[in-house]
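Scroll down for the structure; my scribbles are underneath it.
The values are calculated or read from the model by the stated rules, or taken from the named source; none is laboratory data. None of the values given here were measured: they were computed from a predicted structure. Cβ atoms come from the backbone with ideal geometry, glycine included; neighbour counts cover every protein chain shown. SASA here: full protein model, heavy atoms, side chains in, ligands and nucleic acids out. Shrake-Rupley method; radii C 1.70, N 1.55, O 1.52, S 1.80 Å.
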Amino acid sequence: SSGINAEYGGKTMYNLNVMGKRGNLEQTVPSTEYDFVPSSLAITTDDLVHVQWTGSNTHNNNNDGNAGEGTDGTDRHNLMQMSGDISGSYPYTIEEANFWNNVESLTDPEATGVDIAIGLASSGHYCAKSGTDICPASESLDEKETKMDDKMNNAPASYSGHVLKFKKACSINYLCTRNNSFSNRSQKGSIWVRESSKAEVKKRAEMKDKSEMK
């Protein structure tokens, strides 16, 4: 629609994806272990981020590359806000993850921050908390009969995600809960969002107007 096109028009969109393959450091050579790409992203409120990833249920490592969590031969990813700094290994619960209050989805405009967080945390196994125009209620956390496995084995390998728009300056450290371990394997990243120059000018003008009204 023209409204959606206007939201995208003239903006820079960053693709936040995953790279690497299943296995430990030796098994993945000449590739790499799983990681987010880019793992560090600094943008402004004028920019958009499309969070999405692809994976497989049937890759063949000849029984020599299956180190990792979940069913052999499968890729799974998710994205959850971390509690604390990037050196940690624990996610916030959905209720505690306040970063998502700062975002809107252009691909599912009806989605709340909680809906977005649930979709990213489950790789789309649940598309929202209770359903939206884009997400059928039958696929939502509240109503879906098939609950997600602890290792995400029944979650989708690939996920089209959300195109995110940021309401204000904010930041997040995030991780994939399946592929992050307490040893030498981690799948983490960070996003820093600062006010765009246009937003800063508007904010200063509003503050000036308020001071002159006093």
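The table below gives the values:
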read-out: Solvent-accessible area, 1.4 Å probe, carbon plus sulfur percent, for the chain; value: 49
read-out: C-alpha long axis of helix 197-213 to longest principal axis of the chain, angle in °; value: 40
read-out: Environment charge at SER186 (Cβ cut-off 14 Å; Lys +1, Arg +1, Asp -1, Glu -1); value: -1
read-out: Residue among ALA155, ALA111, ALA169 with the largest mean-square fluctuation in a Gaussian network model of the chain, springs linking Cα atoms under 10 Å; value: ALA169
read-out: Too-long pairs where the Cα-Cα distance tops 18 Å, listed order kept, from LYS165/LYS198; LYS11/LYS165; LYS129/LYS151; LYS129/LYS165; LYS11/LYS168; value: LYS129/LYS151; LYS129/LYS165
read-out: Where chymotrypsin sites (Phe, Trp or Tyr not before Pro) fall in DSSP loop in the range 107-190, at most 16 other Cβ within 10 Å; value: PHE182
read-out: Percent RCO, i.e. relative contact order, over the range 33-130, from Cα pairs under 8 Å lying at least 6 residues apart; value: 18
read-out: The chain: relative contact order in percent, alpha carbon pairs under 8 Å with at least 6 residues between; value: 26
read-out: The range 135-181: trypsin sites (Lys or Arg not before Pro) in DSSP coil with no more than 15 other Cβ atoms inside 10 Å; value: LYS147, LYS151, LYS167, LYS168
read-out: Where the chain is the region considered: accessible area per residue in Å², 1.4 Å probe; value: 54
read-out: Residue of SER197, SER56, SER186 that the Gaussian network model of the chain assigns the largest fluctuation, springs spanning Cα pairs under 10 Å; value: SER197
read-out: Whichever aspartates and glutamates have a C-alpha closer than 15 Å to that of LYS21, once near sequence neighbours (fewer than 8 apart) are set aside; value: GLU33, ASP35, ASP64, GLU69, ASP72, ASP75
read-out: Residue among PRO91, PRO30, PRO136 with the largest mean-square fluctuation in a Gaussian network model of the chain, springs linking Cα atoms under 10 Å; value: PRO30
read-out: Along each principal axis, Cα extent of the range 131-186, largest first, Å; value: 39, 35, 19
